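One structure is given below, encoded as structure tokens.
None of the figures in this text is laboratory data; all of them are computed from the coordinates on show. This one's a predicted model, so the numbers in the text were calculated from it and none came from an experiment. Cβ: placed from backbone, ideal geometry, glycine included. Neighbour counts: every protein chain shown.
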Amino acid sequence: MYLNAGCEIEYEINTPTTFVLMLRPRSGYGQWVAEERYAISPKVPITEYIDNYGNLCQRLVAAEGPFTVTASAGVETVPIIDVAVGAPFTPIQELPDNVLQYLLPSRYCQSDLMVDLATEITAEATAGYDQVEAIRSWIQTNIEYRYGTSNVSTTAHDTATQRIGVCRDFAHLGITLCRSLDIAARMVVGYLYELKPMDLHAWFEAFVGGRWYTFDATQTEPRGGRIVIAYGRDAADVALATQFGSATLTKMRVWVNNEEGNESAG
């Protein structure tokens, strides 16, 4: 499945502002980046580095005035995601070194506070993939999806208490409940084809059966057509634009279309 996806972000810069952007997808399991376009206006020097989670990050200083970043990519991606009912729990001693960090509590995912809820949700599930699917299903059934009901301070514990949120909150809750059961879980941000309303999206992955699997509690069934931009422990690690200065976001547009020209945009 070939997808063209991208976003255009406009700012009004009040004083020279340093940005760290995370807008370029990388080729990897399930996706191949065939072409890219990255533009900033007005042009300024830009450097790129790879962070601790393998994400491509762009670093720049924007001058005072209007500032626009446009990033797009053509990506060959899988039309369906892998499902592995019954895949076993991966013992901690068998986890790769770089996966261990995804077992620990983090800023938005206080897994040490939610063991009881995780145990209750997964009481009838076999350890491993089936536990994670029970968590995903519980969130999808019991947490209401509604815009404007959370903010940058909302944690997984808040979402479990208030029973409302958006994709970021659904992902945080799934990650937290998995980690409460000693299942490594990480946050993913990117694009999802035919997401309605169209926006950048968040979901989570869990490490079971010796590998990562995708779970999305905002969807009623497994869906492919995803382009991953970034991975991290939670939203603090995967912000697509982090600013250090006075800048106001004035406009953001996101689009995803397939090679036949069918488009989903917002």
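Using a 10 angstrom cutoff on alpha carbons, build the Gaussian network for the chain and name the most mobile of GLU35, GLU94, GLU194.
In the Gaussian network model the winner is GLU94.
TYR147 to THR68: FRET efficiency via 1/(1 + (r/R0)^6), r the Cβ-Cβ distance, R0 22 Å, to the nearest 0.05?
E(calc), rounded to 0.05, equals 0.35.
Residue by residue through region 13-25, what is 3J(HN,Hα) from phi via Karplus (6.51 cos²θ - 1.76 cosθ + 1.60, θ = phi - 60°)? Round to whole Hz and write x for glycine and proline.
Result, rounded to whole Hz: 8, 8, 9, x, 10, 7, 10, 10, 9, 9, 10, 9, x.
Can you compute the label reach from TYR2? Point 7 Å from Cα along the Cβ direction, backbone N cut-off under 12 Å, restricted to region 28-71.
Residues 34-35 fall inside that zone.
For region 34-93 and region 191-266, what is the centre-to-centre distance using only Cα atoms, to the nearest Å?
Each part's Cα centre sits 10 Å from the other's.
Hey, rough spin-label estimate for GLU120 and GLU35, points 7 angstrom out along Cα→Cβ, what's it come to in nanometres?
Result: 5.3 nm between the two label points.
Just to be sure I follow: if Rg is taken over the C-alpha atoms of region 62-174 and Rh is the Kirkwood radius over the same atoms, what is Rg/Rh?
Checking Rg against Rh, the ratio lands at 1.06.
Mind putting together the pair-distance distribution for the chain? All Cα pairs, 10 Å bins, whole percent per bin, short to long.
Final binned percentages: 7, 29, 35, 22, 6, 1.
Modelled label-to-label distance, GLU12 and VAL85, 7 Å Cα→beta-carbon offset: nm?
Spacing of the two 7 Å Cα→Cβ label points: 5.5 nm.
Using the Kirkwood radius built from alpha carbon pairs, what does the Stokes-Einstein equation give as D for region 125-266 at 10 °C and 1.306 mPa s, in µm² per second?
Diffusion coefficient, whole number: 100 µm²/s.
Explain nothing, just the number: relative contact order of region 92-222, from Cα pairs under 8 Å at least 6 residues apart, as a whole percent.
The value is 27 percent.
If packing is taken as the average count of other Cβ atoms within 10 Å, what order do 172-183, 214-225 fall into, highest mean first?
172-183, 214-225
Subtract the Cα-Cα distance of GLU76 and ASP97 from 0.36 nm times their separation in residues, and report this length gain in nm to one decimal.
4.7 nm
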